1. Given (1) touching a Cys at 6+ places or on another chain (Cβ under 9 Å); (2) closer than 20 Å to VAL211 by Cβ; (3) open to solvent by 20 Å² or more (accessible area, probe 1.4 Å), identify the lone condition not met by VAL29.
2. Please go through segment 85-127 and pick out each residue that is in a helix (DSSP H, G or I), closer than 15 Å to GLU159 by Cα and either at pLDDT 90 or above or hydroxyl-bearing (Ser, Thr, Tyr) (or both).
3. Got at least one residue in segment 48-63 being under 23 Å from VAL249 (Cα atoms) and either modelled with pLDDT under 75 or more than 15 Å from the chain's Cα centre (by Cα) (or both)?
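The values are calculated or read from the model by the stated rules, or taken from the named source; none is laboratory data. Note that the structure is predicted; figures quoted are calculated from it, not measured. Cβ sites come from the backbone with ideal geometry, for glycine too, and all protein chains shown count toward neighbours. When the accessible area is computed, the model is the full protein with side chains, heavy atoms only, and any ligands, DNA or RNA have been set aside. Shrake-Rupley method; radii C 1.70, N 1.55, O 1.52, S 1.80 Å.
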Amino acid sequence: MSTDTSAAPAWALHRPGGRDVGLMAIAVVGVSFSGPLTTLVAASFLAIAFWRNAAGAAVLLPVLLVRERSVVRALRPRQLSSSVVAGLFLAAHFSTWLPSLSMTTVAASTALVTTTPIWTSLAARAAGVQLPAQVWWGLVLAVFGAALIAGVDVTVSWEALAGDGLALLGAISAGGYMLAGARARERLSTSVYAVVCYSTCAVALAVAALVADVPLTGFSARDWWLIAAITFCAQLLGHTLLNLVLSSVGPTVVGLAVLLEVPGALVVALVLLQQAPPLLAVPGMVAVVLGVALVVRAGRPAPEAEPL
């Protein structure tokens with residue numbers, strides 16, 4: 001194994017243990033509901049993103065204040081800089097990806113937004129982390145599988161192309177979020193990092209909503225329940241559990257695990273939205289799983305994980 005972690009240890013590749021695999025599996029199920037549930041909400045995408053982050057931070061804050069009060073007292077502003085940067089990238093991710101869900105199909109949007117591991121791997125390589133050839137083959141196979149699942153829209157339109165472009169920008173922003181998060185998690189616990197990151201994201205989205213004159217309240221009871229479901233599934237089970245394993249497996253493995261959201265979202269969209277999968281969905285799913293397995297096997301054993 002030739003992985004060099006001296007240049008950027010937070011971005012290095014690690015093989016997840018059984019505990020990390022289990023947590024990532026739960027997280028993938030959670031984030032798989034994000035796209036399909038978002039398409040059912042009548043509220044603005046900025047409002048959805050704001051409330052899922054604000055509520056996520058509010059739920060985790062009591063845990064932080066009760067369990068890690070001494071850690072909070074010892075914190076200095078400079079220790080939170082990477083968390084703030086991660087929150088700004090997360091806000092950019094939501095601001096670009098969520099609108100794409102109404103402009104193109106859920107499958108196409110999800111497939112493009114989950115190309116994140118490509119961007120994290122390229123950034124890690126540029127920073128000096130030597131990734132083995134098996135990782136690159138796994139990346140190619142997984143992204144190819146995601147493309148098969150997305151398929152090609154029969155009716156190509158400018159709106160669909162614009163939606164695809166926004167989803168791709170969302171993937172690049174998500175890459176920045178994971179890389180900055182990996183840096184932050186070197187020094188901070190999951191709860192500290194998540195509260196700061198989610199709060200920063202919520203503030204940035206609130207400012208964007210104010211500038212764009214988008215209301216953040218006044219929704220129907222159905223929309224509030226859907227936002228609550230998105231917060232629980234995608235934010236607390238999804239993002240927070242992925243942030244928990246981020247320091248032990250690295251952003252590339254986490255990004256590859258998120259690729260499994262593509263078949264997951266496809267199944268959820270089939271049940272909730274009656275969006276039929278493309279003909280190449282099954283071989284695409286197999287390619288994604290095999291690609292993820294290649295990357296996971298290429299990593300060296302993970303360092304000791306943070307206790308739950």
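1. The number of the failed condition is (2).
2. From segment 85-127, those in a helix (DSSP H, G or I) are 85-100, 106-113, 116-126; that's our starting set.
Still in the running and closer than 15 Å to GLU159 by Cα: 96-100, 106, 108-109.
THR96, SER100, SER109, listed by residue number.
3. yes
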